[in-house]
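I have placed the structure first, in the form of structure tokens, so that the comments after it can refer back to it.
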Number of protein chains: 2
Amino acid sequence: MVSDLIEPETAVQENSERYSLKLRDILERAASLFAREGYHNTSIRDLSRDMDISLAGLYYYFKTKEELLFLISKHSFDSVLSSLDERLKDVRGPEQKLGALVQNHLQYFVTHLDAMKVLAHESDGLRGAYFDLIQKKKRSYLDRMESLLLEIERKSNPSARRNDAVKVAALSLFGMMNWTYTWYNPSKREHSLANVRRIADRMTELFLHGFVRTKK
Amino acid sequence: MVSDLIEPETAVQENSERYSLKLRDILERAASLFAREGYHNTSIRDLSRDMDISLAGLYYYFKTKEELLFLISKHSFDSVLSSLDERLKDVRGPEQKLGALVQNHLQYFVTHLDAMKVLAHESDGLRGAYFDLIQKKKRSYLDRMESLLLEIERKSNPSARRNDAVKVAALSLFGMMNWTYTWYNPSKREHSLANVRRIADRMTELFLHGFVRTKK
DNA sequence: TTATATTTCGAACGTTCGTTCGAATTTTAC
DNA sequence: GTAAAATTCGAACGAACGTTCGAAATATAA
């Protein structure tokens, strides 16, 4: 029973270059189909038709369909986190860091829209150890947001401690950002990649200073 | 083909009291299962087991499983909208109206958590005319939000017109509110129903005046 | 080339699913 | 009570699904 394990066992092969390249490709294409049709509406036969691999051949790369979903989710999450670390290196000040986090989140979202749709919309359909591990990553991401918020709050109130208001704020920002997958449409002119930066700035402004304070 | 119709035909019976009472019950219980296990992971057989109706008997009340999902979504949406109308009657001023909208949204969310989870998480899995009709309702809800925001903006800038910044703001608030279904947990002490009002107030404050301005 | 390990595949298994249909049962109206 | 209408049901259909398995093909290393 997989769900008994602390860490789900996924690897068939660790070494081979060829193997991991193909796995990447499978994850990407699968994410694309999952994003378009939904996880449950996409059969493994659909995947095998879309890629050039036989039905049985796919099972060399994952051992259940749920694991495939897990691998997509995990890979997406890890990528967001590591690109966030990269970005935050050069940024000082909690507000600026928060701005960078929003930029990172949305930029990653729209350049990997398929995978992120899957992550945001399907990943809590996972169960057992798969669910737990993704949940853990989500928790740690939220923790980082809460820490930044606390830093900001401490500027005006140095003795501020982590409380419900901060938690609700973090969850609100998280929801604000994640909801974009439901309306962001790369084929719309006004949603061009260049404008994603603008949208992210707008959201940061909105979150930090509110709608009534914001100037267009 | 249903998707050809402007308005999906759903009614088997319009009149009978008995009929519509039982339909209500079915929608509610189905929403509960869909919310817990997900739409795709719940079979009609699961429903028939949970209620006391045979598999075939259920099909007297809807003609496809997708229609069942549609009926749940539509009913939820209509309820939110009509309770919103009720609430707004006694409220003056756009900020206050916006606050009432957030209150309404979240209150309805948590008192009909199951149905709203389904609406927020599964309803864009609908297709054809079903999808179109729900989308239309969503669009009109967003329009109302945008109108309120525009009213607010016009206080400081009377010539303000509907623009992208307002749209992003509305979508952000929408996301903020809708995301609650992923984290709100009625069994947690701090999420008690009494506190929902507080959470809603906090969100309104957050949205209107921003995180840094907000006092706990 | 040969032996070994990696990768791919066709074919099939058992299960579950949504849906249908005609008959049986229950409710309603007179 | 009787006839008509509304409601429920058992049984079955065909289709689609995730997964498995042993054999075939291909790449790798000697």
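Bear in mind that the values in this text are calculations on the coordinates, not laboratory data. As the structure is a computational prediction, the values presented were derived from the model and not from experiment. Cβ coordinates were reconstructed from backbone atoms using ideal geometry, including for glycine residues, and neighbour counts include every protein chain displayed.
Semi-axes of the equivalent ellipsoid of the protein assembly as shown are 34, 32, 21 Å, computed as sqrt(5λ) over the eigenvalues of the C-alpha gyration tensor in descending order. As a ratio to 2.2 N^0.38 Å, the alpha-carbon radius of gyration for the stretch A:101-146 is 1.23. Restricting the stretch A:113-211 to trypsin sites (Lys or Arg not before Pro) that sit in a DSSP loop and have at most 12 other Cβ atoms within 10 Å of their own Cβ leaves A:ARG161, A:LYS188. Shortest first, A:ARG161 label-point distances to identical copies amount to 5.3 nm, with the label point at 7 Å from Cα along Cα→Cβ. Each Lys and Arg Cβ is given +1 and each Asp and Glu Cβ -1; about its Cα centre, the protein assembly as shown then shows a dipole of about 1660 debye.
If one takes the longest principal axis of the Cα atoms in chain B, at what angle in degrees, from 0 to 90 and to the nearest 10, does the Cα axis of helix B:65-88 lie? Helix B:65-88 sits roughly 40 degrees off the main axis of chain B. Of the options A:PRO94, A:PHE174, A:ILE72, report the single residue whose Cα projects farthest towards the positive end of the charge dipole of chain A (beta-carbon charges: Lys, Arg +1; Asp, Glu -1). It is A:PRO94, whose Cα lies furthest towards the positive end. Exposed loop sites are taken as GluC sites (Glu not before Pro) in a DSSP loop (any state but H, G, I, E or B) with at most 13 other beta carbon atoms within 10 Å; the longest stretch of chain B without one runs B:15-216. Measuring nothing but alpha carbons in the stretch A:68-162 and taking Rh as the Kirkwood radius, the Rg to Rh ratio lands at 1.04. Start at zero, step by 5 Å, and the Cα-Cα distances of the stretch A:130-178 spread as 5, 20, 26, 23, 14, 7, 3, 1, 0 percent across the bins. Straight-line cross-link reach from A:LYS74 at under 17 Å between alpha-carbon atoms covers these aspartates and glutamates, not counting any fewer than eight positions away in the same chain: A:GLU7, A:GLU9, A:GLU14, A:ASP25, A:GLU28, A:GLU66, A:ASP85, A:ASP114, A:GLU122, A:ASP124, A:ASP132. With its label point defined 7 Å out from Cα along the Cα-to-Cβ axis, B:ASP143 lies at 4.7 nm from the matching points of the other copies, in increasing order. Taking only the Cα atoms of the stretch B:11-106, the radius of gyration and Dmax are 16.9, 52 Å.
For B:ARG49, the label point sits 7 Å beyond Cα toward Cβ; its separations from the matching points on the remaining copies run 3.1 nm, from shortest to longest. Here A:LYS155 is the anchor, and the aspartates and glutamates within straight C-alpha reach of less than 12 Å, apart from those fewer than 8 places off in the same chain, are A:GLU95. Listed cross-link partners A:LYS89/B:LYS117; A:LYS65/A:LYS136; A:LYS22/A:LYS117 are compared with a 32 Å cut-off, the Cα-Cα value being larger for A:LYS89/B:LYS117.
Computed across the stretch A:84-216, the Kirkwood radius stands at 16.0 Å (inverse of mean 1/r, all Cα pairs).
Volume of the convex hull of the stretch A:142-216 (Cα atoms only), normalised per residue: 111 Å³.
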